[in-house]
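Novice: Following this message is one structure expressed as structure tokens.
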Amino acid sequence: MYSAGVSTSERLIESTRELLWERGYVGTSPKAILERSGAGQGSMYHHFKGKPDLALAAIRRTAEEMRATAEAVLAGPGTPYERIEAYLLREHDVLRGCPVGRLTMDPDVIADDALRAPVDETLDWLRTRLTGLVEEGRERGEFAPVLDSAEIAAAVVATVQGGYVLARASGSPAAFDAGVRGLLALLAPRER
């Protein structure tokens, strides 16, 4: 599964990231991590203090990756609307859901301040980044001046995260796609 050049700690982090997305915190046992990573017995405790420490490293990595992926789209070419549209329409594995958003539904992650922090920070970063884009669009006359930038940013994040939930519940990406299309119709630039 992993190439020979990948360090044991990297294999442990990547395996934990995958398992957290698939199974959640409780379902991610040290045994499952070791099996997935191909690491030897005791390797986890050589590189990490224990499962919570390894999970934190995995959650941080997932959060960093999500921010980098979103930033690449949000900082891309185009008007603010076009960049928000590109963010909403980017390639997703809709039925798998968001690896960061899924952690918000994990009671063990939410109950632990340290594990929850990178999740909260990432979603806060995304709302802030989108708020800036909407504000830019308002200043350029692309969006109505009466729009509250922070509320629109929250609606974009809620549409994506809620769309994942609806798609998973129905077993079809159609609900996600419908939510995105509806939000984009509401945000469509004003006629000048």
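The values are calculated or read from the model by the stated rules, or taken from the named source; none is laboratory data. All values derive from a computational prediction rather than experimental measurement. Here the Cβ positions follow ideal geometry from the backbone for every residue, glycine too, while neighbour counts run over all protein chains shown. Surface areas here come from the heavy atoms of the whole protein model, side chains and all, with no ligands, DNA or RNA. Shrake-Rupley method; radii C 1.70, N 1.55, O 1.52, S 1.80 Å.
Novice: Suppose we filter segment 63-106 for residues that are among the β-branched types (Val, Ile, Thr) and over 22 Å from residue 181 (Cβ atoms); how many remain?
Specialist: 2
Novice: Where the second residue is in a helix (DSSP H, G or I) and of a type in the set (Gly, Ala, Ser) and the first is closer than 17 Å to residue 19 by Cα and lies in segment 106-130, which pairs have Cβ atoms under 7 Å and are six or more apart or on separate chains?
Specialist: Close Cβ pairs (under 7 Å, with a partner that is in a helix (DSSP H, G or I) and of a type in the set (Gly, Ala, Ser)) amount to 106/24; 115/55; 119/63.
Novice: Same structure, new question: One residue is enough: does segment 142-153 have a residue meeting the conditions assigned to a helix (DSSP H, G or I), modelled with pLDDT of 95 or more and touching a Leu at 6+ places or on another chain (Cβ under 6 Å)?
Specialist: For segment 142-153, residues assigned to a helix (DSSP H, G or I), modelled with pLDDT of 95 or more and touching a Leu at 6+ places or on another chain (Cβ under 6 Å): present.
Novice: Kindly establish whether residue 168 is within 26 Å of residue 55 (Cβ to Cβ), part of a loop (DSSP other than H, G, I, E, B) and modelled with pLDDT under 95.
Specialist: Judged against the criteria, residue 168 is not a match.
Novice: Condition check: open to solvent by 30 Å² or more (accessible area, probe 1.4 Å), in a helix (DSSP H, G or I), touching a residue at least 60 places away in the same chain (Cβ under 8 Å) and out of contact with any Phe, Trp or Tyr (no Cβ under 9 Å at 6 or more places or on another chain). Does residue 65 satisfy that?
Specialist: Answer is no for this residue.
Novice: Follow-up question, since we're still on this one. Residue pairs, Cβ under 7 Å, 6 or more apart or interchain, first in segment 162-183 and surrounded by 15 or more Cβ atoms within 10 Å (Cβ to Cβ), second among the hydroxyl-bearing types (Ser, Thr, Tyr). List them.
Specialist: 176/164; 179/159; 180/159; 183/159
Novice: Against the conditions (1) open to solvent by 40 Å² or more (accessible area, probe 1.4 Å); (2) over 15 Å from the mean Cα position of the chain (by Cα), where does residue 48 fall short? Just the number, please.
Specialist: If we test residue 48 against (1) open to solvent by 40 Å² or more (accessible area, probe 1.4 Å); (2) over 15 Å from the mean Cα position of the chain (by Cα), just (1) comes out false.
For every residue, the table says whether it meets (1) in a helix (DSSP H, G or I); (2) at pLDDT 95 or above; (3) open to solvent by 30 Å² or more (accessible area, probe 1.4 Å); (4) of a type in the set (Ser, Thr, Tyr).
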position	(1), (2), (3), (4)
57	yes, yes, no, no
70	yes, yes, no, no
83	yes, yes, no, no
92	no, no, yes, no
96	no, no, yes, no
108	yes, no, yes, no
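Novice: Now for a different question. Could we say that residue 32 is under 19 Å from residue 122 (Cα atoms), open to solvent by less than 20 Å² (accessible area, probe 1.4 Å), part of a helix (DSSP H, G or I) and of a type in the set (A, V, I, L, M) here?
Specialist: So residue 32 fails the test.
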